[in-house]
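Comments concern the structure below.
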Amino acid sequence: MAAISVEPCTFALFGALGDLALRKLFPALYQLDRANLLHADTRLLALAREPGSAQEHLSTIETHLRRHVAPADLEPAALGRFLGRLSYQHLDFLQPEGYQALAEQVAGELPLIAYFATAAAVYGAICENLDKAGLAARTRVVLEKPIGHDLESSRRVNDAVARFFPESRVYRIDHYLGKETVQNLIALRFANSLFETQWNQNSISHVEITVAEKVGIEGRWGYFDKAGQLRDMIQNHLLQLLCLIAMDPPSDLSADSIRDEKVKVLKALAPITGDGLSTRVVRGQYIAGYSDGKAVPGYLEEDNANAQSDTETFVALRADIRNWRWSGVPFYLRTGKRMPQKLSQIVIHFKETPHYIFAPEQRLQIGNKLIIRLQPDEGISLRVMTKEQGLDKGMQLRSGPLQLNFSDTWRTARIPDAYERLLLEVMRGNQNLFVRKDEIEYAWQWCDQLIAGWRNAGDAPKPYAAGSWGPMSSIALITRDGRAWYGDI
């Protein structure tokens, strides 16, 4: 990995004292520096509105680095080099005057990367002020989600950015796209004829995508209650995973070739309306229950909660793709808070063999499954049927894995955090792992019809106990098709 060539740049982090920057972005930048993947001339500039001395804020950043980076990775030489690149500037993002001082700070010809770890409402103002300061022409901008809360607001944000930056210099982050296993989806599908020749409605029965969180709101009530699980998780993370699973082979590995194929999937998603809102979608809200054996409050009992809120903390749905490859193959998506475990996985269920010759009581075991785990332990497992060992077993079948666990297989290699890969690709000017404007808009368009349907029907979220796998109706959602969620305990 250290052989990758990266040009020097100035990396300006807007919102440098926020939770995302302190917990994820600075540790990711440190790991890149530690791996010798930052050019010697690359500078890091922390920008924030908070008053106080620069040294005070730099000390805060160092404190959080030491907290969020594994002790074994905190090498004195690497840390000293990293902190030597870092400087701090107080900046009111909405006032153009401060950007002149920023322009003086980054004087020269190096590319400027402006990472917006801020609310999307100020993206347009920052872009305008960068342009007024004469910095836009050499700047790439990185936009954090959520970009809007529906199609209309998303367009407003994207249009405000597009006034000053062409699409080729806009990098929209979805951190799931930086995960090692998600990257391996491209290689797994298109470098292995074993899978790609079977990757269609002739061989695949159905697909599950589950992103489960053990935690509740964690103090994010103000943001989350306005968003809900559909906007927060499905509109971006789960639909991006669906696109990578379902897309046709791109003509090459260029950014637009890959994103063109993802857009085709989003355009082919069947809308869920009418009776489908009650049979193909379940929304839930957690009530008091238990997590790791400890009592935890319900959503409406969290700190600063609105007891009348009907915001969903869980969504399960069946999505159908209207094209030849996936005709008749349902995609079951499920995501929620206060689940029994933290889990992100994709399960590809292959169809049974057409003629069954083994004992009837074993038939429920039949069915190959490709399990792609994103967390907690990244890896890929293919479940196949084999014979039980032993002279007394006859032709008794067992289901077992052919397994690739990344951390076990490459014991000497540290699996990089998703943000490390994404930040590196921004510095390289590679947009493969970033979301294009039309992807965002088609995803919002599909989610907006669900939100409108719930609103028009007066549909309230169904309660589920914290520590469970969601409302009972989410089980009915898949069992009415003669299937079950994989691995629920």
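The values are calculated or read from the model by the stated rules, or taken from the named source; none is laboratory data. Predicted, not measured: the structure shown is a model, and the values here were computed from it. As a convention, Cβ positions derive from the backbone with ideal geometry for all residues, glycine included, and neighbour counts pool all protein chains shown. These area figures cover heavy atoms from the full protein model, side chains too; ligands, DNA and RNA do not enter into them. Shrake-Rupley method; radii C 1.70, N 1.55, O 1.52, S 1.80 Å.
Things worth noting here:
- Residues that are in contact with a strand residue (DSSP E or B) (Cβ under 7 Å, 6 or more places away or on another chain) and either open to solvent by 60 Å² or more (accessible area, probe 1.4 Å) or in a loop (DSSP other than H, G, I, E, B) (or both) within region 271-287 comprise I272, R280, I287, listed in sequence order.
- Among the conditions (1) at pLDDT 60 or above; (2) in a loop (DSSP other than H, G, I, E, B); (3) of a type in the set (A, V, I, L, M), the only one that I357 does not satisfy is (1).
- Check on A255, over 14 Å from I217 (Cβ atoms), in contact (Cβ under 8 Å) with a residue 12 or more places away in the chain and out of contact with any strand residue (DSSP E or B) (no Cβ under 7 Å at 6 or more places or on another chain): yes
- Residue match in region 105-122 (condition: touching a Lys or Arg at 6+ places or on another chain (Cβ under 8 Å), within 16 Å of D159 (Cα to Cα) and of a type in the set (D, E)): no
- Filter pass, L58 being open to solvent by 20 Å² or more (accessible area, probe 1.4 Å), aliphatic (A, V, I, L, M) and closer than 20 Å to A114 by Cα: yes
- Any hit, region 242-254, residues being within 28 Å of N456 (Cβ to Cβ), open to solvent by less than 10 Å² (accessible area, probe 1.4 Å) and either among the β-branched types (V, I, T) or not in a helix (DSSP H, G or I) (or both): no
- As a summary of the residue check, A16 satisfies the conditions (1) within 23 Å of the chain's Cα centre (by Cα); (2) of a type in the set (A, V, I, L, M); (3) part of a helix (DSSP H, G or I) except for the one numbered (3).
- Residue check for G148: open to solvent by less than 10 Å² (accessible area, probe 1.4 Å), in contact (Cβ under 8 Å) with a residue 12 or more places away in the chain and within 22 Å of Y115 (Cα to Cα): no
- Residue match in region 465-473 (condition: more than 18 Å from T335 (Cβ to Cβ) and surrounded by fewer than 19 Cβ atoms within 10 Å (Cβ to Cβ)): no
- Yes/no for E302 being in contact with a helix residue (DSSP H, G or I) (Cβ under 8 Å, 6 or more places away or on another chain), in contact (Cβ under 8 Å) with a residue 40 or more places away in the chain, of a type in the set (D, E) and closer than 25 Å to A476 by Cα: no
- Residue, surrounded by the most Cβ atoms within 10 Å (Cβ to Cβ), within region 151-180, restricted to residues that are out of contact with any Gly (no Cβ under 9 Å at 6 or more places or on another chain), part of a loop (DSSP other than H, G, I, E, B) and touching a residue at least 12 places away in the same chain (Cβ under 8 Å): I173
- Every residue from region 233-264 that is among the basic types (K, R) and more than 22 Å from Y332 (Cβ to Cβ): R259
- Restricting region 320-351 to residues that are among the polar types (S, T, N, Q) and outside any loop (DSSP other than H, G, I, E, B), the residue that is surrounded by the fewest Cβ atoms within 10 Å (Cβ to Cβ): Q345
- For region 96-115, the set of residues classified as of a type in the set (S, T, N, Q) and either under 20 Å from S53 (Cβ atoms) or open to solvent by less than 20 Å² (accessible area, probe 1.4 Å) (or both) consists of Q105 only.
Yes or no, residue by residue, for (1) assigned to a helix (DSSP H, G or I); (2) surrounded by fewer than 19 Cβ atoms within 10 Å (Cβ to Cβ); (3) modelled with pLDDT of 95 or more:
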{"residue": "G222", "(1), (2), (3)": "yes, yes, no"}
{"residue": "K226", "(1), (2), (3)": "yes, yes, no"}
{"residue": "L230", "(1), (2), (3)": "yes, no, yes"}
{"residue": "L238", "(1), (2), (3)": "yes, no, yes"}
{"residue": "I258", "(1), (2), (3)": "yes, no, no"}
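- Region 307-318, residues that are surrounded by fewer than 23 Cβ atoms within 10 Å (Cβ to Cβ), touching a residue at least 60 places away in the same chain (Cβ under 8 Å) and of a type outside the set (D, E, K, R): S309, T311
- Test: residue in region 181-202 that is crowded, with 22+ Cβ neighbours inside 10 Å, in contact with an Asp or Glu (Cβ under 7 Å, 6 or more places away or on another chain) and within 17 Å of R373 (Cα to Cα): yes
- Selection from region 459-480 of residues that are closer than 23 Å to E301 by Cα and in a loop (DSSP other than H, G, I, E, B): D459, A460, P461, A466, G467, S468, W469, G470, P471
- Per the conditions (1) modelled with pLDDT of 95 or more; (2) open to solvent by 60 Å² or more (accessible area, probe 1.4 Å); (3) closer than 16 Å to V315 by Cβ, the sole criterion not satisfied by Y442 is (3).
Residue-by-condition table, conditions (1) under 23 Å from G429 (Cβ atoms); (2) free of Cβ contacts under 8 Å to residues at least 40 places away in the same chain:
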| position | (1), (2) |
| --- | --- |
| L13 | yes, no |
| L20 | yes, no |
| T42 | yes, no |
| S59 | no, yes |
| E62 | no, yes |
| L74 | no, yes |
| R81 | no, no |
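- Helices (runs of 4 or more DSSP H) contained in region 46-126 and holding at least 2 residues β-branched (V, I, T): 54-68
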